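See structure below.
The values are calculated or read from the model by the stated rules, or taken from the named source; none is laboratory data. Keep in mind that what you see is a predicted model, and the values were worked out from it rather than measured. Cβ: placed from backbone, ideal geometry, glycine included. Neighbour counts: every protein chain shown.
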């Protein structure tokens, strides 16, 4: 279905990689094996929060604009203006998180 609507790359990035982590087929992204230590990093670790928000916002905005384009085309200019006036700066300035990872091993 993703290929039919020309969104296969997004499908691969979002679903495929997330599915591998959720079903433990990609344990390397959240398990570190060391000599006498095993370190687990949560699959929902807050370190990834800024990227997750940006990516989710990008997909949501793209989807909403496509819906407007298909069903309410006349509202697209106002939506674009509202984005610039109210949301663009916030999306571009999502704060980076400072996380103390000293006890998480060598990530």
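Here are the numbers:
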read-out: Selected residue [farther than 26 Å from residue 6 by Cβ, part of a helix (DSSP H, G or I) and not assigned by TED's automatic domain parsing to the domain that holds residue 6] from 55, 49; value: 49
read-out: Residue check, residue 47 surrounded by 13 or more Cβ atoms within 10 Å (Cβ to Cβ) and modelled with pLDDT under 80; value: yes
read-out: Check on residue 38, surrounded by 10 or more Cβ atoms within 10 Å (Cβ to Cβ) and either at pLDDT 90 or above or not in a helix (DSSP H, G or I) (or both); value: no
